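Bear in mind that the values in this text are calculations on the coordinates, not laboratory data. Nothing here was measured: the structure is a model prediction, and the numbers come from that model. Positions of Cβ are backbone-derived with ideal geometry, glycine not excepted, and every protein chain shown enters the neighbour counts.
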Amino acid sequence: TCSLHPETKFLIHSKRIVTPNGMIAGTVEVSEGKIVSISVNDGDLNADLLPILDFENCVIMPGLIDVHTHLNEPGRADWEGFDTGTRAAAAGGLTTLIDMPLNSYPTTVTKETLEMKVQAARNKLYVDVGFWGGLTPDNAHNSSALTELLDAGALGLKSFMCPSGINDFPMTDENDIKASLPVLAMYKRPILVHSEVPQPSEEQEFSLEQRRKYSTYLNTRPATWEREAVSKLVNLASDTIVGGSAEGAHIHIVHLSDSGETLNLIKEAKVRGFKLSVETCPHYLSFSVENIPDGDTRFKCAPPLRSEENRKKLWNALINGDIDFLSSDHSPAPPELKLLEAGDFLGAWGGISSLQLVLPITWTHAKENGVPLEVISKWWSSMPAKFANLQNKGSIEVGKDADFVVWDPETSFDVNEDFQIFHKHKITPYSGSRLFGRVIATFVRGQMVYHEGHHALSPCGRPILASVTENSVGHHFI
Ligand SMILES: NC(=O)N[C@H]1NC(=O)NC1=O
Ligand SMILES: [Zn+2]
Ligand SMILES: [Zn+2]
């Protein structure tokens with residue numbers, strides 16, 4: 001019941017399979033959840049011996065890995081939850097998610113609360129799910145508390161340099177983050193940082209008319225917030241160089257929006273050998289402030305969407321490798337919290353819902369920019385796997401987990417009432433868009449968890465917990 005396809009040993013064939021050696025026409029042999037052989041064209045397969053799933057001209061890629069998902073369970077399962085979130089993932093071709101430590105209640109900041117997460121996820125996962133632990137001022141200076149959290153399997157830590165919007169996830173400053181680095185270095189696990197530091201500004205009162213404009217919200221969170229945060233992080237990252245006091249640690253900047261000076265700071269730090277990486281999200285590549293309708297709070301996120309010029313520069317930075325990979329930052333909330341009726345950008349929940357759509361969104365833009373499928377796969381599978389040290393995932397190679405998305409990049413669809421969204425709440429700023437790339441089937445460790453609108457009858461995704469043996473192999477992202 002975990003799979004819509006009854007076999008555990010089978011062949012999967014198509015004319016377009018994305019492998020580390022490029023696109024091939026060929027066949028992948030799957031046995032007990034693993035990839036056991038790959039042959040080009042018909043090769044020397046045992047086609048008469050094993051059942052074959054022939055996907056013809058559809059693309060087979062490694063399943064997508066989203067290292068930045070807010071599933072919000074336990075405690076706020078009415079915002080999303082493991083069941084709906086992982087069903088949406090499966091329908092979107094994502095086979096691994098890494099859940100953020102906040103918006104759930106309690107937040108994942110101790111060994112015990114991580115255990116509660118894993119417990120809450122039991123029998124609800126349609127894809128595999130790992131967990132980031134949270135770094136807050138309460139645990140940052142307590143290395144034994146951090147050690148416990150990492151020993152319990154947190155894949156790394158996440159913190160905020162500005163208020164997170166959630167009272168039980170207080171913000172950290174650079175000293176808190178600095179204190180965590182020696183512990184992270186020992187475990188060779190990364191810290192992910194929401195990189196905005198509030199800058200002094202005049203207290204201002206806004207009329208509702210002003211509050212209905214995205215530009216009003218944008219002006220409250222200028223690019224200087226991102227620049228200030230990243231400049232502090234770059235300073236800390238200088239300790240991560242070979243021979244530095246935090247060698248082995250790694251600082252990751254989540255959801256970069258500013259493609260100006262903030263990006264330049266990141267580029268310079270990388271040149272200097274600092275272990276620093278950066279992601280951006282499909283919404284920063286899709287939307288710009290010039291095009292957001294007044295009052296449409298579905299577009300509210302933090303950091304904010306910026307200018308069209310900024311958006312284009314962000315695309316270029318992704319294409320030329322200055323931005324390492326993509327993540328969703330899927331952060332849904334109940335519609336009431338989006339204050340859609342008032343359209344109040346200052347009061348609404350900041351968070352964009354997009355998980356199920358990230359592959360078609362990315363591909364629709366990539367296609368226009370001439371970016372090939374292999375590169376999409378790098379942004380969404382191989383690089384995120386490397387970053388999170390998921391050694392069994394991220395590419396179609398012998399020995400790896402048989403995690404695949406089968407999809408048709410040439411077919412388009414409209415995000416309208418006829419399109420089935422599996423998120424708990426259906427509101428998303430992509431409603432009304434026409435997107436290319438229809439997901440046909442998704443496989444998690446050889447199990448067909450999704451096929452043409454249907455999910456497997458039982459959820460057989462697994463929690464992913466980091467183990468100390470994996471660390472000995474080490475984290476070599478950059
Ligand atoms: N708490 C939370 O999920 N915040 C997220 N939402 C968003 O738009 N940016 C974030 O960091
Ligand atoms: Zn964030
Ligand atoms: Zn987030």
| task | Please report how far the C-alpha centroid of segment 411-459 lies from that of segment 333-393, rounded to the nearest whole angstrom. | result | 14
| field | Extent along principal axes [Cα atoms of segment 314-459; Å; largest to smallest] | value | 54, 42, 31
| Can you give me the Cα centroid spacing of segment 280-303 and segment 55-97 in angstrom? | 22
| What spacing in nm lies between the two simple spin-label points modelled at Asp296 and Glu308, each 7 Å away from Cα in the Cβ direction? | 1.4
| request: Based on alpha-carbon positions alone, could you give the equivalent ellipsoid semi-axes of segment 144-243 from the gyration tensor, as √(5λ), descending, whole Å? | output: 33, 16, 10
| task | Would you mind telling me the antiparallel percentage of the DSSP bridges in the chain, rounded to 5? | result | 50
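At most 13 other Cβ atoms within 10 Å plus a DSSP loop assignment makes a site exposed; report the longest stretch of the chain without any exposed trypsin sites (Lys or Arg not before Pro).
Working: sites that count: Arg122, Arg272.
The answer is 273-478.
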| query | Once amide H atoms are placed 1.01 Å from N in the peptide plane, what residues at a sequence separation of 5 or more from Gly130, or on another chain, have their amide H within under 5 Å of its amide H? | reply | Leu97, Ile98, Asp99, Ile464
| task | Pull up all non-local amide H partners of Leu339: gap of 5 or more, or a different chain, and H-to-H distance under 5 Å with H placed in the peptide plane. | result | Trp349
| Could you state the number of Å between the C-alpha centres of segment 156-229 and segment 1-33? | 42
| request: Give, in nm to one decimal, the length gained when the segment between Asn320 and Thr8 is fully stretched (0.36 nm per residue of separation minus the Cα-Cα distance). | output: 108.3 nm
| How high is the relative contact order of the chain, in percent, counting Cα pairs under 8 Å that sit 6 or more residues apart? | 23
| Which far-off residues, 5 or more places away or on another chain, put their amide H under 5 Å from the one on Lys34, with H placed in the peptide plane? | Ala402
| message | Averaged across orientations, what area in nm² does the convex hull of the alpha carbons in segment 179-237 project? | response | 5.5
| query | Longest span of the chain, sites excluded, free of GluC sites (Glu not before Pro) in DSSP loop with at most 13 other C-beta atoms within 10 Å? | reply | 57-201
| query | About the Cα centre of segment 86-166, what is the dipole size in debye to 20, counting +1 per Lys and Arg Cβ and -1 per Asp and Glu Cβ, all else neutral? | reply | 300
| note | Pairs over 26 Å Cα to Cα, from Lys158/Lys270; Lys34/Lys158; Lys15/Lys378; Lys9/Lys111, come to Lys34/Lys158; Lys9/Lys111
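Using the crude model of +1 on Lys and Arg Cβ and -1 on Asp and Glu Cβ, and no other charge, please compute the dipole size for the chain relative to its Cα centre, in debye to 20.
It works out to roughly 480 debye.
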| request: Name the shape class, rounded, prolate or oblate, that the alpha-carbon gyration tensor gives for segment 63-392, where a ≥ b ≥ c are the square roots of its eigenvalues, rounded holds for a/c under 1.5, and otherwise prolate holds if a/b is larger than b/c and oblate otherwise. | output: rounded
| Are there cysteines in the chain with no second cysteine's Cβ under 4.7 Å away, and if so, which? | Cys58, Cys162, Cys281, Cys301
| Given only helices, namely DSSP H runs of n ≥ 4 each adding -39500 (n - 2.57), what is the per-residue ellipticity at 222 nm of the chain, to the nearest 500 deg cm²/dmol? | -7500 deg cm²/dmol
